[in-house]
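The structure appears right after this line, and notes come after that.
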């Protein structure tokens, strides 16, 4: 099983965000050596909910993200068993690159 697979809760005291801190943020991730499935449930600071989903291969190609106001597509690569790199785009604009280490 991938070390990324599981349900993850955002903890503000352990994170740095460039945006306003949400009330809650849960990610459900299912990862294999070839692909990633992500479902995020976020409650913004104003109480409004967001549910976004993405399914992508670790091939660097862009795949659609549904329900996200931040990204319309994501492209992922698997750096190694403990690291995933992802780049998002919204309306053809390049967004910040995320490098994620194994969740704990």
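The values are calculated or read from the model by the stated rules, or taken from the named source; none is laboratory data. All of these numbers come straight from a predicted model, not from anything done at the bench. Virtual Cβ from ideal backbone geometry, glycine too; neighbours counted across all protein chains shown.
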Exactly one condition in (1) assigned to a strand (DSSP E or B); (2) closer than 19 Å to residue 83 by Cα is false for residue 33; which is it?
(1)
Extreme residue, surrounded by the most Cβ atoms within 10 Å (Cβ to Cβ), among residues of the range 3-17 that are without any contact (Cβ under 8 Å) to a residue 40 or more places away in the chain and part of a loop (DSSP other than H, G, I, E, B):
10
State all residues of the range 27-53 that are over 19 Å from residue 9 (Cβ atoms), touching a strand residue (DSSP E or B) at 6+ places or on another chain (Cβ under 7 Å) and surrounded by 14 or more Cβ atoms within 10 Å (Cβ to Cβ); if no residue qualifies, say none.
35
In the range 73-95, residue nearest to residue 33 (Cα to Cα) [restricted to those that are touching a residue at least 40 places away in the same chain (Cβ under 8 Å) and assigned to a strand (DSSP E or B)]:
78
Hey, does the range 51-72 have a residue that's modelled with pLDDT of 95 or more, in a strand (DSSP E or B) and more than 22 Å from residue 92 (Cβ to Cβ)?
yes
Scope the range 29-53; condition under 20 Å from residue 18 (Cβ atoms) and under 12 Å from the mean Cα position of the chain (by Cα); matching residues
38, 40, 42, 52
